[in-house]
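Each remark here refers to the structure printed beneath this line.
The values are calculated or read from the model by the stated rules, or taken from the named source; none is laboratory data. Just so it is clear, the structure is predicted and the values come from calculations on it, not from any experiment. Don't worry about glycine lacking a Cβ; one is built from the backbone with ideal geometry, like all the others, and counts go over all protein chains shown. The protein model used for the area step is the full one, side chains on, heavy atoms only, and it has no ligands, DNA or RNA in it. Shrake-Rupley method; radii C 1.70, N 1.55, O 1.52, S 1.80 Å.
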Amino acid sequence: MKRESLLAALGTLALVACAWAVPWLKFILTIALAKGIAVLGILLLLRAGQVSFGHSMFLALGAYTVAFLAPMESEAVLLLPAAALVAAGFGLVIGLFLVRYRDIFFGMLNLAFAMVLYSLLEKLYSLTKGTDGIRVAALSFAGTEPERGTQEWIVFGIALGLAILFGLLVRFYLASPMGRALAGIKTRETRLEFMGVPARRVLLFAYVLSALMGGVGGALIAMTTRHVTPQIAYWTSSGELVFIAILGGAGSALGPFLGSVAFELVRVYAAAAVAEAWQMILGAVLLLVILFAPGGVWGLLSRRWRA
């Protein structure tokens, strides 16, 4: 616990220092923090032995909620909880159906729902502007509309604060009896039921919480990029989230953020160095992690710390 807290504090300071020293990195790091919050939800499902191959649908729900509501209500403090509630509500509705299934069926049904949402966002042009996407209207913060540079710092600060908040929430949740029951779903679900613990209810709660965090991540992405397209709901976006979960490691609530920052930085610098082959570089990084650091970046840091 002390090691994790120290690494979190050092990581927070490092992110702020990088954003201050290299201003253009603020944008990249804010996106990384937003995706890290969404990947925290995947971490919860991984504890139960389930993988969501369609988690990007919650990113899309959060992002489009901001895009639709911003012209009517520009206050970011209100848009964030609205996006979280929409995503959580959607997660509750489909979660009641999905928690009946396990393993590949769970993962592929998530993917199916995500692709249905992607198709709707793409085809309903009169509402969503199709593949052209929606330009997010100007946002206000505490009743004011700051200049661009100041707004970038504010959104970065909000993303960093929410990352710390959700990281602590997930840390305490996984240490709670309900969080420990998730591991029981992965190993001996039948024994869990015999003990009187309803496995479906435990998984449903985790799924709704993961949906809520996905919605918050999507809202932060919309506030950062100021443009939302159906691509955010596509299966490749879900693949990125799973990639980040593997890269960061599922052993700690820090893993998603370590993986997300590493993923975004590798992608940016790989695209700048080898524009036509950056995907190959990302794939090579993932293979190296799987072969030499199966616990992800977090597992690697933990081993180094112990040594």
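Are any of the residues in the stretch 294-305 on the phi > 0 side of the Ramachandran plot and either open to solvent by less than 40 Å² (accessible area, probe 1.4 Å) or part of a helix (DSSP H, G or I) (or both)?
Yes: one or more hits.
For residues in the stretch 93-104 being at pLDDT 90 or above and open to solvent by 80 Å² or more (accessible area, probe 1.4 Å), which is farthest from the chain's Cα centre (by Cα)?
Leu96
So in the stretch 35-55, with the set limited to residues that are in a loop (DSSP other than H, G, I, E, B) and hydrophobic (A, V, I, L, M, F, W, C), which one is surrounded by the fewest Cβ atoms within 10 Å (Cβ to Cβ)?
Per the stated criteria, the residue is Val51.
Name every residue in the stretch 236-246 that is of a type outside the set (Gly, Ala, Ser) and open to solvent by 10 Å² or more (accessible area, probe 1.4 Å), in order of residue number.
If the condition is that a residue be of a type outside the set (Gly, Ala, Ser) and open to solvent by 10 Å² or more (accessible area, probe 1.4 Å), then Thr236, Glu240, Val242, Phe243, Ile246 are the ones that fit.
Only one of Ala32, Ala67 is at pLDDT 90 or above, open to solvent by less than 10 Å² (accessible area, probe 1.4 Å) and touching a strand residue (DSSP E or B) at 6+ places or on another chain (Cβ under 9 Å); which?
Ala67
Pick from the stretch 114-148 the residues that are of a type in the set (Gly, Ala, Ser) and without any contact (Cβ under 8 Å) to a residue 12 or more places away in the chain: which of them is most open to solvent (accessible area, probe 1.4 Å)?
Ser126
So is Ala82 touching a Ser or Thr at 6+ places or on another chain (Cβ under 8 Å), open to solvent by 20 Å² or more (accessible area, probe 1.4 Å) and either touching a residue at least 24 places away in the same chain (Cβ under 8 Å) or under 28 Å from Thr144 (Cβ atoms) (or both) or not?
When the stated conditions are applied, Ala82 passes them.
Can you tell me which residue among Ala253, Ala262 is under 22 Å from Phe292 (Cβ atoms) and either surrounded by fewer than 24 Cβ atoms within 10 Å (Cβ to Cβ) or not acidic (Asp, Glu) (or both)?
Matching residue, one of Ala253, Ala262: Ala262.
Among (1) over 23 Å from Gly215 (Cβ atoms); (2) in a helix (DSSP H, G or I); (3) not β-branched (Val, Ile, Thr), where does Ala245 come up short?
(1)
Within the stretch 159-235, which helices (runs of 4 or more DSSP H) (wholly inside it) include 2 or more residues that are at pLDDT 90 or above and surrounded by 19 or more Cβ atoms within 10 Å (Cβ to Cβ)?
It comes to 199-225.
Criterion first (surrounded by fewer than 24 Cβ atoms within 10 Å (Cβ to Cβ), of a type in the set (Gly, Ala, Ser) and modelled with pLDDT of 90 or more) does Ala19 satisfy it?
No, not satisfied.
So Gly251 passes all but one of these: (1) at pLDDT 90 or above; (2) assigned to a loop (DSSP other than H, G, I, E, B). Which condition number does it fail?
Answer for Gly251: the failing condition is (1).
Taking Leu111 as the residue in question, decide whether it is at pLDDT 85 or above and open to solvent by 70 Å² or more (accessible area, probe 1.4 Å).
When the stated conditions are applied, Leu111 does not pass them.
Can you tell me how many residues in the stretch 223-243 are among the aliphatic types (A, V, I, L, M) and in contact with a Phe, Trp or Tyr (Cβ under 8 Å, 6 or more places away or on another chain)?
Final tally of qualifying residues: 3.
Would you check if Arg267 is assigned to a helix (DSSP H, G or I), under 26 Å from Trp153 (Cβ atoms) and among the basic types (Lys, Arg)?
Answer is yes for this residue.
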